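As structure tokens, the structure follows; a few thoughts come after it.
The values are calculated or read from the model by the stated rules, or taken from the named source; none is laboratory data. Because the structure is predicted, anything quoted here is derived from the model rather than measured. Note that we place each Cβ from the backbone using ideal geometry, even for glycine, and neighbour counts take in every protein chain shown. Calculation scope for accessible area: heavy atoms of the full protein, side chains included, ligands and nucleic acids excluded. Shrake-Rupley method; radii C 1.70, N 1.55, O 1.52, S 1.80 Å.
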Amino acid sequence: MFLAGPPNIERMKEGRQVQGLIKALGYHDAWFVRKAAAEALGSLQDPGAIEPLMLALQDEDKDVRHAAAAALDLLHWRPRKDEASAYYWISKKVWEPISEIGQPAVDPLLEMLMDRNWSDCKAAVEQLGKIGDSRTIQPMIALLRNSGWKYIGNEVTEAFTRIGEPAVEPLLAALGDVESDVRLAAVRALGEIRDPRTTEPLSRALQDPDGDVRQTAADALGKVGAPAVELLIAALRDRVVPCNVAQALGRIGDARAVEPLISAFHDEDWSVRSAASDALANLGKPAVPLLLAALRDTEKKVLQSAAETLDKLGWHPGNDETGAYYWIAKKYWDKCAALGPQAVAPLLAMGKEKDPEVRKAIVLVFGKINDPRVIESLVLSLGDEDDAVRDAAAETLGKIGQGKAVRPLIIALRDENWSVRKAAAESLGHIGDESAFEPLIESLGDYNYRVREAAAEALGKTGNPFAVEPLIEALESEGEDLRKAAAEALGRIGDSRAVEPLIRALEWDYYELFEATLARRKVSDPDAERALIGELSEKYIFIREAAARALGQIGDTRAVEPLIAALKYVSQNVRVASVEALGIIGDARAVIPLIETLKDHSADVHDASVEALIKLGEAAVEPLIDELKDERPEVRLAAIDVLGKIGDSRAVEPLILALKDENIPVREVAALALGKIGTAAIEPLVNTLSFENKDVRRAAVGILVKLDWQPDQDAASAYYWIVKHEWGQCVAIGIPAIEPLITALKDQEALSHDEWHERQNVVAALGQIGAPAVSPLIAALKSENEDLCKAAVEALGKIGEPAVEPLIVSLGDEYFGVSMACAEALGKIGDPRAVEPLIGALKNGVWYMIRKAAAEALGKIGDPRAVDPLIGMLRDEYFKVREAAAGALIKIGAPAVEPLITALQYREWRMRKAATEVLGKIGDPRAVEPLISALSDEDKDVRKSVAWGLVSLSHAAQLEDEIKQRILSVLS
């Protein structure tokens, strides 16, 4: 067979030597020959090559196997569920169909386990797992043993798990394998299989020398479930992989695990406690009772873990002792304090806590609860080894204020820690027991300035007059902090013996001290000197401030002049304190100086001055009123503000005048001040409503609204409603509202920006009031204010019939404006009684405007009696009068036609022309023939007017063609 060397595949392919190519598939000396033979057989597509190619799928060389599979594809071969098909899919690396082949695929896949291509090896393991044949277990164990977990561990474990129950015995045996990777895979797979037989072996695996195996064994037991609980509990107590064991117990969820898991809270390892907490949270409600009991444990880590677990379970504390234990565990001290007496016993139980921060917090909570049961514990805490705890205990005893705390606090005045001594002094001051008096006086000499201050303050709180002399001595000591505290204490006691020493402290020239200090420290550099003086000034300023406040508290008038002098001190704090003291003393001598401090550049001094002047009250009113004349608006503002707050009725009139101030903020503050004064300001404010100044009116109305003033049925109330533009209310008032309404028509400022609309509202209101408004309205016609006259005419027109006779009378008024307005109003009313008087007005030879107004009014009335007089007015010398007369005749209409036809015969051409124009605009057919005759008028202007008249009448009468031609000739 091929003795002469390798076969020539190409020649055999060209000669279609199928048998030769089949033989070449078995040529063992060269894999590439076998590969080429397979490819050639595929291209020839001879069915006889299928069987040999199927055998070639098992070739030792992967390229040959792949070529054989490709050739079979070309021969349209279809794989079946047999071993050859398994080889076919393996050669193509198509893995999914292999597991469907089942048992015949096992051997081909096991062969793949020998391949060092890890991708193919993993795929083969996966398919073996899906097939589930127990014969594969040992080969896979061997593979894992030789290859290691890194390469194939997860895949092998998953395959064991898929095999399931048949794999249990081999896997149990594998638990004793020398390779930890094998044991790990076995433990993990057994956990997933969950066979009860595995419980004991897995529990032994908890003692495996390999940590991963131990942890995985715990997880596996958790998956096994209830049969593993006791074994896991034992492992937890022995601290065998406790985190994993706790997690396993939590996964199982058996109530037997609750107590052991809570015991795990004692573990020093936080991760163990955390795992136990998570496990108990998984167990749910059955764990709650024992968790609540664990809140009372003395170990901090236990109760904190219990509280954390209860949070995970969604448990909420109540207002009881259990709730207190919970909040203690959470270190939510405010929540504990909120529980009050319910928290006392739990907090006392925690008193021996090792953590000083917790002990201090408990002491502070006791101070908020204020329960006598805690006194003994607090007294014991005064001896605590921790400074902060003793400090807190001393402070808290002062808040609770029990007499039995006095003796221990007096002892605490000698504590080695200054903070404790200070707290003890403060607490003794709060309690106020006389037995502490002497020890507190001794503490005025403490080496620590804070303790000295606290002792002075405490003596002040006692109010004991025997403390005055020691405090006066302290006031004159060298320690600036003690002097300040002494001054404050003397002010609190209020004994008059302290007045003179406090005045000296207020007036003392500290610069002597500054010079002595500079000399003592040998300071010569100017910058260093300024820095030192600044530091000393800041300290001693506080003494002056404290002295000023103390003098105010004592209230002795001997302090007034020194305090007034202190108003000029550089320090703002001293000025504020002096102002406040003067306000408290209430001496009238301080009024003018305090008014001056209203102008202080410091807002704090200004505000304090306001309050002081308010306290001085009546004595400050007149001087403050004088300040309203100051040219500076800020001064006026301040004075107004104080006057408003004092609320004296003497300020009302000046404040009303301030409503006119040129400065807007001053006006606004004046309005606010009047509102604060209250009812005393109402009557003066009502009197300002008569439209003297719009700003005053508006401000007055605003204040009256705030004062809840109720308008009456009088003129002042009408002014009020006019400012508010409530016209219906004016109508309801009636006659008293007439003059205010007419005044409003004169005053543009009384109305809104929409002046025309508001004026119409006023006119409508007067019209609704009716007859009583006629005489005032006619009187208003004499105003030189044209807008007022027009509005009055409109109002009279709205009033109607009641206004006719007064209007007729006033038609002959000597002032032509009144006559004109009356004529216009009579025209609007349209009453026939006005016809004859208006005809008479047509004869007014002085004022053509009166004639014009009368003619227009007669046209509006439309009475035939006016026709002849109006025709007569067509010859008036003034065009506007003639125009008004023509317009009136047109409005009268038909009754004017015959007289106008007669007028066509008048000698005056202007009369004839006017008559033709009016007749044309009236449009009555009766005028056609007379107008045709008038086409022959001697005057060309008349003829043109006639022609246009006939054109206008052409719609009312048929004109012959000849007439039309004549019209055209006239117009051309």
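Give the residues of the stretch 183-216 whose amide nitrogen is closer than 14 Å to a point set 7 Å from the Cα of Arg239 in the direction of its Cβ. Of the residues in the stretch 183-216, none has backbone N under 14 Å from the label point off Arg239. From the Cα gyration tensor of the stretch 201-313, with a ≥ b ≥ c the square roots of its eigenvalues, which class applies: rounded if a/c is under 1.5, or else prolate if a/b is larger than b/c, or else oblate? Judged from the Cα gyration tensor, the stretch 201-313 comes out prolate (a/c at least 1.5, a/b above b/c).
Farthest toward the dipole's positive end in the chain, which of Tyr449, His725, Ala70, given Cβ charges of +1 (Lys, Arg) and -1 (Asp, Glu) about the Cα centre? In the chain, that residue is Ala70.
Mean residue ellipticity at 222 nm, helices only, the chain: -20500 deg cm²/dmol; runs of at least 4 DSSP H residues each add -39,500 (n - 2.57), and the sum is divided by the number of residues. Once the C-beta distance of Asp868 and Glu929 is scaled by a Förster radius of 22 Å, the resulting FRET efficiency is 0.50 to the nearest 0.05. Think of each Lys and Arg Cβ as +1 and each Asp and Glu Cβ as -1; about the Cα centre, that makes the dipole of the stretch 126-279 roughly 180 debye.
Counting Lys +1, Arg +1, Asp -1, Glu -1, what net charge surrounds Arg197 among other residues with beta carbon under 12 Å of its beta carbon? Provide the component values of the computation, followed by the final result.
Values: positive: Arg194; negative: Glu165, Glu169, Asp195, Glu200.
Charge balance in the 12 Å sphere: -3.
Taking all Cα pairs closer than 8 Å and separated by 6 or more residues, the relative contact order of the stretch 812-944 comes to 18 percent.
What per residue convex hull volume, in Å³, do the alpha-carbon atoms of the chain yield?
On the way: hull volume 503.6 nm³, N = 972.
Spelled out: Cα convex hull of the chain, divided by residues, is 518 Å³.
Working from label points 7 Å from Cα in the Cα-to-Cβ sense, the Lys93 to Asp46 distance is 3.2 nm. Cross-link pairs exceeding 19 Å between alpha carbons, from the set Lys330/Lys352; Lys301/Lys352; Lys301/Lys330; Lys300/Lys368; Lys599/Lys706: Lys300/Lys368; Lys599/Lys706. Cross-link pairs exceeding 20 Å between alpha carbons, from the set Lys828/Lys891; Lys798/Lys891; Lys122/Lys150; Lys130/Lys223; Lys13/Lys93: Lys798/Lys891; Lys130/Lys223; Lys13/Lys93.
Leaving ligands, DNA and RNA out of it, report the carbon-plus-sulfur percent of the accessible area of the chain at a 1.4 Å probe. Let's see the in-between values first.
Details: 22260 of 45500 Å².
C and S fraction of accessible area: 49 percent.
A simple charge model with +1 on the Cβ of Lys and Arg, -1 on the Cβ of Asp and Glu and nothing else charged puts the dipole of the stretch 277-365 at about 140 debye relative to its Cα centre. Net charge in the neighbourhood of Asp939 (other residues with Cβ under 14 Å of its Cβ; Lys, Arg +1, Asp, Glu -1) is +2. Computed from Cα positions, the angle between helix 242-252 and the longest principal axis of the chain comes to roughly 70 degrees.
A probe of 1.4 angstrom, applied to the heavy atoms of all protein chains, finds Ser972 with accessible area near 120 square angstrom. Projecting the Cα atoms of Gly862, Met849, Ile922 onto the charge dipole of the stretch 833-972 (Cβ charges, centred on the Cα centre) puts Met849 farthest toward the positive pole.
Going 7 Å from the Cα of Arg875 along its beta-carbon direction, which residues of the stretch 944-969 have the amide nitrogen within less than 12 Å of the resulting point? The answer is none. Projected label points at Glu662 and Asp961, each 7 Å from Cα along the beta carbon direction, are separated by 8.7 nanometres.
Taking the stretch 586-626 and a reference point 7 angstrom along Cα→Cβ of Arg632, the backbone N atoms nearer than 17 Å belong to 592-610, 624-626.
Since only Ala105, Gln215, Leu172 are under comparison, the one whose Cα sits farthest along the positive direction of the charge dipole of the stretch 84-223, derived from C-beta charges on Lys, Arg, Asp and Glu, is Gln215.
Heavy atoms of the protein only, probe of 1.4 Å, neighbouring chains included. What is the accessible area of Tyr878 in Å², nearest 10? About 100 Å², rounded to the nearest 10.
The phi-based Karplus calculation (6.51 cos²θ - 1.76 cosθ + 1.60; θ = phi - 60°) puts the 3J(HN,Hα) values of the stretch 725-738 at 6, 9, 6, x, 5, 5, 4, 5, 5, x, 3, x, 8, 5 Hz, whole numbers, x for Gly and Pro.
Taking 0.36 nm per residue of separation and subtracting the current Cα-Cα distance, fully stretching the chain between Gln58 and Phe466 would add 135.0 nm.
Could you tell me which of rounded, prolate or oblate describes the stretch 167-247, using a ≥ b ≥ c as the square roots of the eigenvalues of the alpha-carbon gyration tensor, with rounded for a/c under 1.5 and, failing that, prolate when a/b is larger than b/c and oblate otherwise? Oblate, since a/c reaches 1.5 and b/c is not below a/b.
Note on the stretch 587-630: Kirkwood radius taken over Cα pairs, Stokes-Einstein applied at 20 °C and 1.002 mPa s, translational D equal to 207 µm² s⁻¹.
Annotation: peptides 321-334, 16-29, ranked by per-residue average of other Cβ atoms within 10 Å with the highest first, follow the order 321-334, 16-29.
How long is the gain from Lys352 to Ala226 if the chain were fully straight, where each residue apart is worth 0.36 nm and the alpha carbon distance is subtracted? Mind dumping the intermediate values first?
On the way: separation 126, 0.36 × 126 = 45.36 nm, distance 4.15 nm.
So the chain would gain 41.2 nm between Lys352 and Ala226.
Calculated translational diffusion coefficient of the stretch 893-972 (25 °C, 0.890 mPa s; Stokes-Einstein with Kirkwood radius over alpha-carbon pairs) equals 203 µm²/s.
For the pair the stretch 287-310 and the stretch 705-748, the centres of their Cα atoms are 78 angstrom apart.
Site pair Glu259 and Asp607 shows an inter-label distance of 6.7 nm when each label is modelled 7 Å from Cα along Cα→Cβ. Counted by Cβ distance under 12 Å from Pro317, the other residues give a net charge of -1, where Lys and Arg count +1 and Asp and Glu count -1.
Please work out how much length the chain gains when fully extended from Asp82 to Asp386, using 0.36 nm per residue of separation minus the C-alpha to C-alpha distance, in nm with one decimal. Write out the running numbers ahead of the final one.
Details: separation 304, 0.36 × 304 = 109.44 nm, distance 8.56 nm.
Length gained, Asp82 through Asp386: 100.9 nm.
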